[in-house]
Amino acid sequence: MKQSLAGVTIRTLDAADLQEMWEISYGPAADRKWMQYNGPYFNDPIQTWERYRDGWGAASVGNPLRAAIEVDGRLVGELTAYWSDGDLQQWLEMGIVIFRQEVWGQGTGVKALTLWMDYLFETFAYLPHLGFTTWSGNSRMQRLGDKLWMEKEGVIRKVRFWQGQYYDSVKYGILREEWQEAKARPVLAVKNSAVQPAEAEPTNKAAAQVVAVAGVTAGGKSTLIAALKEAHPQALVLSFDDYDIDQLPDAPPLGTPIKEAVPRYDVSTLKADLEQALTEAPALILLDFPFGRRHPVISELIDLSVYVKPPLDIVLARRILRDQPHDDGAAIRAQLENYLDFARPLFIAHESYISETADLILTDELTLAEKVAAVNARLQ
């Protein structure tokens with residue numbers, strides 16, 4: 001088995017792959033940061049070469065339920081699948097690990113898992129459902145499920161214990177017919193097309209209009225983008241969150257002053273996808289981008305910069321409802337304390353600095369329909 005999508009390839013593992021796969025996962029030069037997210041509560045040991053070769057490695061060679069992930073011909077990670085119901089083989093779960101940290105935040109996981117899900121649904125043509133299980137400490141994996149239009153099908157609260165704290169177990173899943181529909185939706189459609197290598201050097205600007213929507217987290221950016229997409233079905237959507245840019249090794253730490261932080265975010269992959277999308281000349285590109293015109297790499301490509309600015313108490317309420325729907329009073333209290341001591345000053349600084357260069361500022365005094373109308377008026 002070998003399938004490729006926009007520079008990412010998944011393929012059957014060969015015996016010749018095992019040495020390199022061990023080196024990037026457990027070897028002396030591996031950074032092993034992936035182990036902090038891949039079920040660390042199991043306290044799995046760092047495997048020696050011999051143990052890996054004779055155990056997991058040997059079982060992976062030629063295994064139809066495991067695959068190597070390559071980026072531009074270089075091994076970076078692996079995909080797995082296993083039967084949750086054992087010999088009954090009616091309930092298939094899957095997993096993904098990207099060992100090389102330097103390719104995090106570049107859409108590798110979305111592309112690899114897209115190929116893997118296609119392969120699994122084709123190989124096991126009788127299965128109606130695929131899913132994976134993660135934990136609340138792995139926000140990257142949860143975002144991956146969201147990007148692939150999977151449903152969060154279950155949350156088992158406070159059952160994963162790590163470093164003195166309990167976390168939730170989280171299950172995502174998707175039905176076969178939902179997957180077929182999902183591949184035609186905006187995020188996957190853009191990610192699967194705009195990232196394709198261009199035959200010619202892209203121009204810096206095309207006839208399409210780029211509308212960038214900025215704001216703080218839980219400020220309503222995604223809601224406005226979705227409403228604009230509904231009003232403009234042919235528009236393409238690109239989102240900062242789809243690239244895990246804030247998780248890259250050189251991303252500025254939280255708390256860095258906003259004026260220093262913005263230019264330090266590496267948005268080169270996002271820019272390349274945006275420029276490629278512009279060569280395809282859609283009428284409208286909707287860019288969910290928290291920095292608006294303040295990021296020097298993206299600013300020249302933006303035609304209309306919009307800043308959504310709800311009251312910060314609304315932002316706080318949305319964050320709690322979105323991120324902590326099942327948490328107890330102690331956890332919510334901790335969130336409130338963090339907001340007062342840390343997050344709120346950052347939000348205030350963000351509003352002041354980013355909105356200053358916006359063409360259009362939308363407050364919550366407007367309904368969603370009125371916000372869409374205001375943007376449309378600027379596009380005419």
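Within the stretch 23-48, if we keep just the residues that are out of contact with any strand residue (DSSP E or B) (no Cβ under 8 Å at 6 or more places or on another chain) and aromatic (F, W, Y), the residue that is surrounded by the fewest Cβ atoms within 10 Å (Cβ to Cβ) turns out to be F42.
Scan the stretch 3-22 for residues that are crowded, with 18+ Cβ neighbours inside 10 Å and assigned to a helix (DSSP H, G or I) and the total you get is 4. The numbered conditions (1) of a type in the set (V, I, T); (2) modelled with pLDDT of 90 or more; (3) open to solvent by less than 70 Å² (accessible area, probe 1.4 Å) are all true for T367 except (3).
Within the stretch 123-151, the set of residues being farther than 18 Å from Q180 by Cα and either open to solvent by 40 Å² or more (accessible area, probe 1.4 Å) or charged (D, E, K, R) (or both) comprises T133, S136, S139, R140, R143. Contact map, the stretch 249-261: residues that are touching a residue at least 60 places away in the same chain (Cβ under 8 Å) and closer than 12 Å to Y353 by Cα paired with residues that are open to solvent by less than 80 Å² (accessible area, probe 1.4 Å) and in a helix (DSSP H, G or I), Cβ distance under 8 Å, separation 6+ or inter-chain. Pairs shown: P257/A349; I258/L346; I258/A349; I258/H350; I258/Y353; I258/I354; K259/Y353. When L301 is tested against (1) aliphatic (A, V, I, L, M); (2) closer than 29 Å to W135 by Cα; (3) touching a strand residue (DSSP E or B) at 6+ places or on another chain (Cβ under 6 Å), only condition (2) is not met.
Of all the criteria given as (1) modelled with pLDDT under 90; (2) open to solvent by less than 60 Å² (accessible area, probe 1.4 Å); (3) among the aromatic types (F, W, Y), the one not satisfied by Y353 is (1).
How about the stretch 84-120: which of its residues are closer than 15 Å to F132 by Cα, in contact with a helix residue (DSSP H, G or I) (Cβ under 6 Å, 6 or more places away or on another chain) and not hydrophobic (A, V, I, L, M, F, W, C)? Within the stretch 84-120, G109 is the sole residue that qualifies.
Mind listing whichever residues of the stretch 60-83 are touching a residue at least 24 places away in the same chain (Cβ under 8 Å), touching a strand residue (DSSP E or B) at 6+ places or on another chain (Cβ under 7 Å) and within 16 Å of F121 (Cβ to Cβ)? Those that are touching a residue at least 24 places away in the same chain (Cβ under 8 Å), touching a strand residue (DSSP E or B) at 6+ places or on another chain (Cβ under 7 Å) and within 16 Å of F121 (Cβ to Cβ): A67, L79, A81. Of all the residues in the stretch 158-174, those that are surrounded by fewer than 15 Cβ atoms within 10 Å (Cβ to Cβ) and either on the phi > 0 side of the Ramachandran plot or not hydroxyl-bearing (S, T, Y) (or both) number 5.
Scanning the stretch 54-80 for residues that are open to solvent by 80 Å² or more (accessible area, probe 1.4 Å) and either under 22 Å from the mean Cα position of the chain (by Cα) or under 10 Å from M21 (Cα atoms) (or both), we see that the one that is modelled with the highest pLDDT is R74.
Give me the pairs, please: first residue somewhere in the stretch 264-290 and of a type in the set (K, R), second residue anywhere and in a helix (DSSP H, G or I) and modelled with pLDDT of 90 or more, beta-carbon distance under 8 Å, and either six or more positions apart or on two chains. Close Cβ pairs (under 8 Å, with a partner that is in a helix (DSSP H, G or I) and modelled with pLDDT of 90 or more) amount to K271/V297; K271/I298.
The values are calculated or read from the model by the stated rules, or taken from the named source; none is laboratory data. Since the structure is predicted, the reported quantities are computational estimates derived from the model, not experimental observations. Every residue, glycine as well, gets a Cβ built from its backbone with ideal geometry; the counts of neighbours run over all protein chains shown. With ligands, DNA and RNA removed, areas are computed over all heavy atoms of the protein, side chains included. Shrake-Rupley method; radii C 1.70, N 1.55, O 1.52, S 1.80 Å.
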